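First the structure, in the form of structure tokens, and then the observations on it.
Each value in this text was obtained by applying a stated rule to the coordinates, not by laboratory testing. These numbers come from a predicted model, not from an experiment. No Cβ is skipped: glycine too gets one built from the backbone with ideal geometry, and neighbour counts run over all protein chains shown.
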Amino acid sequence: GLLVDPSPYPPVVPGPVNRIGVAPSRYRDVLYRSALEARVARFLDMHFPVWLYESGPSLTGVESARTRDGLFYGYLLDAGRYRPDFWLPSVRTFVEVKGDMGCYTLRNPVELARRAAPLGVQVAVATHGRGGRFDLYVARGGELWPATLTRCPSCGARYFHAGGPTDCRACGVVP
């Protein structure tokens, strides 16, 4: 799992546990749905120059749900509306945070990965790990593969790598 270095980043401040057993938590004045989401936001701050919370791009062939004002509200998938937790535009990757690794909770990220893969979009899943860490997986081929944070030797970008020869998600070079 990945351990977040606490030094240069503000702390995650957990709130009270809600009725479903989750503690919405604050990080950099944003209230996240869980402490794990806030910890992942903190991790993303350390490794990615730009990321968006509960937002994403238009994807060809994947219908978007929008509010009356035209704001992004998720994607319409077989199981219903789904809004991934984070979008990393520099490496065209969604990150979904899941405290539970049950099949039902993974249905939407796996389906989005299947639909978005032909467009060069990756879906990663972060889950609870041990000792304050979290584990990362990449959804590929209908399954989740353990992933690591990798730095491209050519362009310096960081991206999630799940084994095998993979092009850099930013510049396309095979390391």
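Helices in the chain, meaning DSSP H runs of at least 4 residues, each add -39500 (n - 2.57). Divided by all residues, the mean residue ellipticity at 222 nm is -5000 deg cm²/dmol.
Counted by Cβ distance under 11 Å from residue 126, the other residues give a net charge of -1, where Lys and Arg count +1 and Asp and Glu count -1. Each principal axis of the Cα atoms in the chain has its own extent, and those three values, largest first, are 44, 40, 32 angstrom. Spatially, the range 62-94 and the range 28-55 are offset by 17 Å when compared through their Cα centroids.
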